[in-house]
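Visitor: Below you will find the structure I want to go over with you.
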Amino acid sequence: SGGNTTAVVSITVNDVAPSGLSYPAPSAYTKGTAITNLTPTVSGGAVTSYSVSPALPAGLSIDPSTGVISGTPTAVTAQANYTITASNSGGNTTAVVSITVNDVAPSNLTFAPSTQTVRQGSAISTMVPSAAGGVVTSYSITPTLPAGLTFNTSTGEITGTLTANMTGSVTYTITATNSG
């Protein structure tokens, strides 16, 4: 009977926070080869944004609205962990994704010269390797070279002066290796 008054009440309803974020366990990827998209699974409320820390390897990206990780890695990257955060108005949840980017495997290994005939006490012409694919990080040889000849496991070069007395022909297997 004496009148009325009003008040404004503000009510915010937040979504249920996302939870249980996970990604398929990726294997190592190869530089220059597109990855199979990594699609997240998440429970709880609807996710409104995804983010990653630290930044993904060069060439890979995360879609901020779907959380899908995709792309073609452009640089070799040691194994590292990346924290993905899924958020909405109710909060957030995280998952850790481990990613490694290996180099392209070496291929088509050749030597110049590829064969040599040498006598005991004679120096060989330095044999220099060449390979396609990624950068070779080490070389190995089997069987062991005869006395006086040296095999460089870093460069793959064969050098030296044959001091062993040998006859016949020997075939050596040389392997070029990198992270791929």
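Visitor: Of all residues being over 32 Å from the mean Cα position of the chain (by Cα) and touching a residue at least 12 places away in the same chain (Cβ under 8 Å) in segment 13-45, which is farthest from I99 (Cα to Cα)? Just the residue, please.
Guide: Quick first cut of segment 13-45, residues over 32 Å from the mean Cα position of the chain (by Cα) only: 13-17, 44-45.
Narrowing the set further to residues that are touching a residue at least 12 places away in the same chain (Cβ under 8 Å) leaves 14-17, 44-45.
Details: N14: 33, D15: 31, V16: 30, A17: 27, G44: 26, G45: 27 Å.
For segment 13-45, the residue satisfying everything is N14.
Visitor: Return the residue satisfying two criteria in turn: it lies in segment 117-130 and is touching a residue at least 12 places away in the same chain (Cβ under 8 Å) and farther than 30 Å from V76 by Cβ, and of such residues it is surrounded by the most Cβ atoms within 10 Å (Cβ to Cβ).
Guide: Residues of segment 117-130 touching a residue at least 12 places away in the same chain (Cβ under 8 Å): 118-130.
Right, trim to farther than 30 Å from V76 by Cβ and you get 118-125.
Working: V118: 16, R119: 8, Q120: 14, G121: 10, S122: 12, A123: 12, I124: 18, S125: 11.
Selected residue: I124.
Visitor: Scan segment 44-59 and tell me whether some residue there is part of a loop (DSSP other than H, G, I, E, B), hydroxyl-bearing (S, T, Y) and more than 30 Å from V136 (Cβ to Cβ).
Guide: Residues of segment 44-59 part of a loop (DSSP other than H, G, I, E, B): 45-48, 54-59.
With the extra rule that they be hydroxyl-bearing (S, T, Y), the set shrinks to 48.
Retained after the next criterion (residues that are more than 30 Å from V136 (Cβ to Cβ)): 48.
Yes, there is a match, as at least one residue in segment 44-59 is part of a loop (DSSP other than H, G, I, E, B), hydroxyl-bearing (S, T, Y) and more than 30 Å from V136 (Cβ to Cβ).
Visitor: Taking segment 131-153 as the region of interest, how many residues are among the hydroxyl-bearing types (S, T, Y), open to solvent by less than 70 Å² (accessible area, probe 1.4 Å) and more than 19 Å from T171 (Cβ to Cβ)? Give the derivation first.
Guide: Going through segment 131-153, the residues among the hydroxyl-bearing types (S, T, Y) turn out to be 137-140, 142, 144, 150, 153.
Imposing the further condition that a residue be open to solvent by less than 70 Å² (accessible area, probe 1.4 Å) reduces the set to 138-140.
Now narrow it down to the ones that are more than 19 Å from T171 (Cβ to Cβ): 138.
The total comes to 1.
Visitor: If a residue must be within 30 Å of N165 (Cβ to Cβ) and assigned to a strand (DSSP E or B), how many such residues does segment 87-146 contain?
Guide: The qualifying residues number 12.
Visitor: Shifting gears a bit: Looking at segment 95-116 only, could you name the residues that are aliphatic (A, V, I, L, M) and either open to solvent by 70 Å² or more (accessible area, probe 1.4 Å) or closer than 20 Å to V76 by Cβ (or both)? If you could, list the steps in order and put the result at the bottom.
Guide: The initial filter retains those residues of segment 95-116 that are aliphatic (A, V, I, L, M), namely 95-97, 99, 101, 104-105, 109, 112.
Answer for segment 95-116, where residues must be aliphatic (A, V, I, L, M) and either open to solvent by 70 Å² or more (accessible area, probe 1.4 Å) or closer than 20 Å to V76 by Cβ (or both): V96, V97, I99, V101, V104, A105, L109.
The values are calculated or read from the model by the stated rules, or taken from the named source; none is laboratory data. Note that the coordinates shown come from a computational prediction; the quantities given were computed from them, not determined experimentally. Every residue, glycine among them, receives a Cβ derived from its backbone with ideal geometry; neighbour counts consider all protein chains shown. Quick note on the areas: whole protein, heavy atoms, side chains included, nothing else; ligands and nucleic acids left out. Shrake-Rupley method; radii C 1.70, N 1.55, O 1.52, S 1.80 Å.
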